[in-house]
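Structure, as structure tokens:
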Amino acid sequence: MALAALAVALAAPSTTSALVLAACAVVAVLAGAGRQRAPWRALLAAWSLGAMAALLRALLTPGAPLLTVHVGGHAIQLSRAGAAQGGLALSRVLAATLSGAWLTSTTPFPKLVAALAWARVPAPLLELLLLAHRHRHALGDSFESVRCAQAMRFGYVGLRRSIASAGTLVGAAACRAVDQAGATAEAMQLRGEHGLPALSLALSPVLSPVLSPALSPDFSPSESCTEANVFVAGCGAIAILASAALGWGAPW
Amino acid sequence: MPLACGLPGAEIAWRARFTSSPAARFALVASALGALPLPARAMHLADGVLPLRWAVSFAAAAVPFVAVALALLRRRADGDPRLKPLVAMVAAAVFVLSAMPIPVPFAGTCSHVCGTGLAAVIVGPWMTVLVAVVALLLQAVFLAHGGLTTLGADVLSMGVAGAFVGHGAFCLLRRARAPLPAAAFAAGLLSDWATYGVTSIELAAALHGARPFGQVAVAVALAFVPTQLPLGVLEALLTAGAVAFIARRRPDLVSRLRLGTPEPAP
């Protein structure tokens, strides 16, 4: 549902339909992920880039003048068509980023990987994705402990010390990554790992704890019909239908 | 009928002619970007920034690079079982590095390193394409940073342009017998700037509309300068510091990873 919303957001024909989709996505994110887990701060950063792109779009679209502002001896003119295009671009960014947040905050990572496997994404790429996902926490913890130790020793006092400490930190992370890769390769060899050529038929012992919930043959659709899931799916359906309906009759 | 604007201090005039000065647009865009009190995470395009056809086009352009990199991975992994875990771990490290905010001097904002230059030095440019795919996907899913529909464009800028430019600079300087940290500095600097250059081109291609493409590309690239010029230097310093640390503390890794040795042709 969220994937469909993402596709609709990119092709939204009008500002109104994109904003309706964005509003429904907000409701779905809040219902599915909760206020605490929703990635609002990261979305703000994405919206700043969206605002810049919308501004560019608005200023670069010629047409009948709407507004002229003089800044530092230069006249910057906004056209009526530019304002419409900029508004549409910004609303699309809002709708698309919120739909993306809806997808990622309500879908567990193994299910996303299972969906990628279903979409015939090559097995080695999925294997890399799962390995990186499994080890990101360990690497992150190691990275954080080194950074804390450096900070305790005044490693981040002054620009020169900060740069030297950060370089050491990145170097230590790289060494840790290489060592961890060696250990993982040995463990995989000892377990008789041969990658993921038959992902849907037989899961490897290393990857099965991660993938089995999503690919289990015992998976029952009725079990996933919880109240929250039905509510989120309903929001999605309303969003997509409303967006399509508004798009057909939109003025611009 | 045009609407009136009530901005205090701003000289408002209604004019029939459309001013096409790129400097004026750059001034406005750069000041708008600089005025936003948000982390400057502009190196990865967010969902919705690119129109659908451009998102699909960039994804199609990135697919051949990913396919070649996967074919190389399959071939090399038969002889070296450590390669796959190494690529995955470097991707995880790039993901972790991308979560580290760095204050950008003079810009009053925060950003983060790409990590592409260091990855290209460690695993080579083709494997860095895969590192970028995995790291960008994890960033989009877990940090809401970048986007799923803009993954192709982001892989082209960071994984292809950043990796090949960074690795090329590193190899050229190593062949010229430059010290390891100096070559790593150039790799970090040029890979970061190449990433931003290609991102500017992608944005300009998607957004230029009726205006000349080159003019828009220059304006977007200039808008990135206040944050990316210092950030590129910072990334270069971090890459050089990291490689110097590896060479000093773990010289075995320098020979094992064959740092500075050109990657075999695909």
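Label sites at residue A:145 and residue B:75, each approximated as a point 7 angstrom past Cα along Cα to Cβ, lie 4.0 nm apart.
Using θ = phi - 60° in the Karplus curve 6.51 cos²θ - 1.76 cosθ + 1.60, the 3J(HN,Hα) couplings for region B:194-207 round to 5, 4, 5, x, 5, 4, 4, 5, 5, 5, 5, 4, 7, 10 Hz; x is entered for Gly and Pro. In this simple spin-label approximation, residue A:120 and residue B:218 carry label points 7 Å from Cα along the Cα→Cβ vector, and these lie 4.6 nm apart. Per-residue Karplus couplings for region A:91-102, computed as 6.51 cos²θ - 1.76 cosθ + 1.60 with θ equal to phi - 60°, are listed in order as 5, 5, 4, 4, 5, 5, 5, 5, 5, x, 5, 4 Hz, Gly and Pro entered as x.
Using a cutoff of 8 angstrom between alpha carbon atoms and counting only pairs six or more residues apart, the relative contact order for region B:40-256 works out to 24 percent.
Contact order, relative form, for region A:1-107: 45 percent (alpha carbon pairs under 8 Å, 6 or more residues apart, mean separation divided by residue count). For residue A:68, the amide hydrogen comes within under 5 Å of the amide hydrogens of A:78, B:13, counting only partners 5 or more places away or on other chains and with H modelled in the peptide plane.
Values in this text are rule-based calculations from the coordinates and carry no lab data. All figures in this text were calculated on a predicted structure; none of them were measured in a lab. No Cβ is skipped: glycine too gets one built from the backbone with ideal geometry, and neighbour counts run over all protein chains shown.
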